[in-house]
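Contents: one structure, followed by commentary.
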Amino acid sequence: MANQKKKHFLCISAMLRSREPKLLSREKAERMLDAATFEDAAKLLSDCGYEDMAQMDAKQIEESLALHRSRIYEELGRFCPDSRVVDIFKLRYDYHNAKVILKAEAMGQEPKRLLSDSGRIPGAKLLEIYNEDKGILLPEKLAAAMEEAKGVLARTGNPQLADFVLDKAYFAELQALAEAMDSSFVKGYARLLIDSSNLRSLVRTLRMGKSQDFLTEVLVPGGNVGVERLAAAGDKDSLAALYVHTPLEKAGVLGAECLSGGSMTAFELACDNAVNAYLRGAKLISYGSEPVIAYMAAVEGEITAIRMILTGRLAGIAPQVIRERLRDMYA
């Protein structure tokens, strides 16, 4: 039955494989960094399917990249035989929008400019549903999480605590989606995302000297490394030991070094690169949900890199500084 379901992905897998050569590669990124001007760097993206951003400012670049992502997600949503595959990536934007809406309401601000249309529900539509108190029209888990986060924010006045509620709900829904699919690769991807998030939270919590109760609030269950083991890691050695022989081994070592003045930039890079290395394993899988997952993750990484390069060039940041912050590419 699993093989039969995989065959439904033959067409979309072939389509995305044909598009992979157009993804931003490290070589293309280097050419953008070495280009004589910002305009020259932006024009190099035409081969990757982006509109001409040579005359745009930082705000316009962000809007263009967001629109590019939304269009790809919309297209893949139409062609993918299992909508859950695309929803794995759309989820994060639903919960991003939820955070924006709740914080804006608490601060008496207008949230529209920060909303994304890359979620399952367009940002403006989610805001409309929320304002009209029609949570029944939302996915059940998202509606429940927003209600709980709103209550936490009302009781405590602390947006961070409300974010914790939404983060845990996001990862719980992400893992539920992955576990319902017939792919060990997708399940492993969800667990690795949780592990990466927990490692970052652990390092930041220890660096700030926060309490054990705070750490417990931040950590998310469902990863390869259990929450109980994470909560017990109170120093460099115990932190690094948690990730030995895992995809995050290097990140664990660098995270431990952050507790005594090591580079957070290098640590964050290692976390992202571990996920990218895992995704590149999908290149060995001819068809199925795996190439779709890998392609969508590649697009996310590509957009992050383009934003970093173009806005960095606009701001006059030295190419070498930008280069040091770039994540590994899928292509």
- Which one of the conditions (1) farther than 30 Å from Gln55 by Cα; (2) touching a Cys at 6+ places or on another chain (Cβ under 8 Å) does Tyr278 fail to meet, given that it meets all the rest? (2)
- Query: Quick check: is even one residue across the stretch 44-53 open to solvent by less than 50 Å² (accessible area, probe 1.4 Å), without any contact (Cβ under 8 Å) to a residue 60 or more places away in the chain and within 20 Å of Thr304 (Cβ to Cβ)?
  - Reply: yes
- Kindly provide the set of residues from the stretch 12-42 that are within 27 Å of Tyr287 (Cβ to Cβ) and of a type outside the set (D, E, K, R), ordered by number. Ile12, Ser13, Ala14, Met15, Leu16, Ser18, Pro21, Leu23, Leu24, Ser25
- Query: When you go through Leu142, Leu153 one by one, which is the residue that is out of contact with any Phe, Trp or Tyr (no Cβ under 6 Å at 6 or more places or on another chain) and within 25 Å of Ser289 (Cα to Cα)?
  - Reply: Leu142
- Query: Gly222 fails exactly one of the following numbered conditions: (1) open to solvent by 20 Å² or more (accessible area, probe 1.4 Å); (2) among the small types (Gly, Ala, Ser); (3) touching a residue at least 12 places away in the same chain (Cβ under 8 Å); (4) under 22 Å from Asn97 (Cβ atoms). What is the number of that condition?
  - Reply: (4)
- Item | Single residue of Ala233, Ala266 found to be open to solvent by less than 70 Å² (accessible area, probe 1.4 Å), over 18 Å from Val218 (Cβ atoms) and in contact with a helix residue (DSSP H, G or I) (Cβ under 7 Å, 6 or more places away or on another chain) | Ala266
- Note on the structure: Selection from the stretch 10-39 of residues polar (S, T, N, Q), over 18 Å from Met53 (Cα atoms) and open to solvent by 30 Å² or more (accessible area, probe 1.4 Å) yields Ser18
- Tell me, which residue of the stretch 273-305 that is open to solvent by less than 50 Å² (accessible area, probe 1.4 Å) and among the polar types (S, T, N, Q) is modelled with the highest pLDDT? Asn273
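Restrict the check to the stretch 306-313 and report whether at least one residue is assigned to a loop (DSSP other than H, G, I, E, B), closer than 30 Å to Val85 by Cβ, modelled with pLDDT of 90 or more and out of contact with any His (no Cβ under 9 Å at 6 or more places or on another chain). Talk me through it step by step, then tell me what you get.
The first filter runs over the stretch 306-313 and keeps only residues assigned to a loop (DSSP other than H, G, I, E, B), leaving none.
Checked the stretch 306-313: no residue is assigned to a loop (DSSP other than H, G, I, E, B), closer than 30 Å to Val85 by Cβ, modelled with pLDDT of 90 or more and out of contact with any His (no Cβ under 9 Å at 6 or more places or on another chain).
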- Mind checking which residues of the stretch 96-126 are free of Cβ contacts under 8 Å to residues at least 12 places away in the same chain and either open to solvent by less than 60 Å² (accessible area, probe 1.4 Å) or within 18 Å of Asp167 (Cβ to Cβ) (or both)? Ala104
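Identify, from the list Val244, Val227, the residue that is in contact with a Pro (Cβ under 9 Å, 6 or more places away or on another chain) and open to solvent by 30 Å² or more (accessible area, probe 1.4 Å).
Values: Val244 fails: in contact with a Pro (Cβ under 9 Å, 6 or more places away or on another chain).
The unique qualifying residue is Val227.
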- Message: For the stretch 168-207: of the residues being charged (D, E, K, R) and closer than 22 Å to Val85 by Cβ, which is surrounded by the most Cβ atoms within 10 Å (Cβ to Cβ)?
- Response: Asp195
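The values are calculated or read from the model by the stated rules, or taken from the named source; none is laboratory data. Just so it is clear, the model here is predicted, and its values are computed rather than measured. Cβ coordinates were reconstructed from backbone atoms using ideal geometry, including for glycine residues, and neighbour counts include every protein chain displayed. All accessible areas refer to the heavy atoms of the entire protein, side chains included, with ligands and DNA or RNA removed. Shrake-Rupley method; radii C 1.70, N 1.55, O 1.52, S 1.80 Å.
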